[in-house]
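Note sheet for the following structure.
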Amino acid sequence: MRFVILLTVALATVASATNFHRYKVVSVRPRSQGEATLVRSIVKEMALDQWTDPRDWRAPIDVMVPPQQTYFFLNGLRRRHIPATIMINDVQKVIDGQAVQRSVEKVLPRKFDHTSYHTLEQIYSILDGVESDFSEMVSTYTAATTYEGRAIRVAKVSSGGDGTRPVIWIDCGIHAREWIAPATCQWILDQLTSGYGSNSEVTALLDAYDFHIMPSVNPDGYNFTWTNNRLWRKNRVPSDDIFNCHGVDPNRNFDSDFGGPGTSNSPCSDIYHGVSAFSEKESQAVRDSINALGGRVKMYFTIHSYSQLWMTPYGYTSSLPANYDEQYRVAEAGVAALSAVHGTSYEYGNIADVIYPAAGGSSDWMYDAAGIQYSFALELRDTGYWGFLLPPDQIVPVGEETWAGIMAAINAV
């Protein structure tokens, strides 16, 4: 028996929701490929927000369900004897519980503070402070200006070399709701600046490489998660369709099999790829910054959440890159070092097989078009208990393990 849902009503409900009172996050655990396919079709028909879409049917599918659809969804699963667990009983309660810092939003810190998440304005204020305090090492530049007029900033960390050293590029927050990603970029920037001259491993890295760190690839979307919709994913470019939907997924907008698997041509979709490759300021900012470095980029890391994965190209095909064995070896070294810090378990391998097919992604373009032989996409904690709402008390441990993994990967090359 199929779910009977008025799709247009469901779409309107999801699109307009800014308060997630009584929304639930349900982790569905299919027992076969057939059940996984059925769950995906139900989620699509009900227009639910699917938080994870793993390729492997044995992995859980996490779905956020509005209160008016909870009965239909859960009852449908029960009738088919498909196991499911409610991971978050009231999404808004979790959001409200983590929102204490909103009351001090106007405070602009100049020092790193890893005890809480920060607004975009606060992140950029910290960048200004770091640039001032470590002027001999840190300089910032604006890679592009967004649709809503916000700067997409990059911090360059260098101990010298006259602009000739190879570059490690790290970007975070291309998907707005993944708050742990910008927080991790800030942690890494803190470790580089505070560790040079006092930490031998950091000193050795900065004597060999320059680092370019983009803490928020998607400033418009990130700002929107603080002011309107905590779970917004895309940028904020309006479409001209009849539904007046907003946003393009910048990580489906790169010229790597643009419009291919794992993307949508619907402006209302969370994985809308945009009107053309590199139509968006965010993807342009990353592309142009990489190109401006003139082939110096040795390694590329793009930081996401969640699922605890360390991934190599490709996302648009299950075919493997020519140097897959080498990328896999380096990923393995990174994951081993990461897991050694707090025991966090990561899977690793190519994107299409480890998580799901996804065309138009940055890491694929880096390998194919920019010629970066070591291109990695990381999905940070957790595996679904908190999902996109990872508590701020996990910022430090996530930062510690992620930086350990990245350092090990760099040293493995």
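Bear in mind these aren't lab numbers, they're just calculated from the coordinates by the rules spelled out. Keep in mind that this is a model prediction, so the values were computed, not measured. Virtual Cβ from ideal backbone geometry, glycine too; neighbours counted across all protein chains shown.
Brief remarks follow.
- Viscosity 0.890 mPa s, 25 °C: Kirkwood-radius Stokes-Einstein D of the range 7-97 over Cα pairs, µm²/s: 184
- Angle between the chain longest axis and helix 395-412 axis [Cα atoms, degrees, rounded to 10]: 60
- Peptides 288-300, 249-261 ordered by average Cβ neighbours within 10 Å, highest first: 249-261, 288-300
- The long axis of helix 281-292 is offset from the longest Cα principal axis of the chain by roughly 30 degrees.
- Principal-axis analysis of the Cα atoms of the chain puts helix 324-342 at an angle of about 90° to the longest axis.
- The range 7-97 - percent relative contact order, Cα under 8 Å, separation 6 or more: 44
- Under a model in which nothing but the beta-carbon of Lys, Arg (+1) and Asp, Glu (-1) is charged, the chain shows a dipole of about 1400 debye around its Cα centre.
- Annotation: peptides 384-397, 360-373, ranked by per-residue average of other Cβ atoms within 10 Å with the highest first, follow the order 360-373, 384-397.
- In percent, rounded to a whole number, the relative contact order of the chain is 16, using alpha-carbon pairs under 8 Å and six or more apart.
- With R₀ fixed at 51 Å, the C-beta to C-beta distance from S276 to N89 puts the FRET efficiency at about 0.75.
- Leading residue at positive end of dipole, the chain (Cβ point charges), from V138, I410, G259: G259
- Since only L293, I61, H118 are under comparison, the one whose Cα sits farthest along the positive direction of the charge dipole of the chain, derived from C-beta charges on Lys, Arg, Asp and Glu, is I61.
- Electrostatic bookkeeping for N223 treats Lys and Arg as +1 and Asp and Glu as -1; over the other residues with beta carbon under 9 Å from its beta carbon, the sum is -1.
- Once exposed loop GluC sites (Glu not before Pro) are cut out (DSSP; at most 15 other Cβ, 10 Å), longest piece of the chain: 149-413
- Beta-bridge orientation, the chain: approximately 50 percent antiparallel, per DSSP, counting only bridges with both partners inside.
- Once C-alpha pairs closer than 8 Å and six or more residues apart are averaged by separation and normalised to the residue number of the range 75-158, the relative contact order reads 16 percent.
- Nearest-0.05 FRET efficiency for N19 and S200, computed from C-beta distance (R0 51 Å): 0.55
- The charge dipole of the range 7-97, taken about the Cα centre with unit charges on the Cβ atoms of Lys, Arg (+1) and Asp, Glu (-1), comes to about 360 debye, rounded to the nearest 20.
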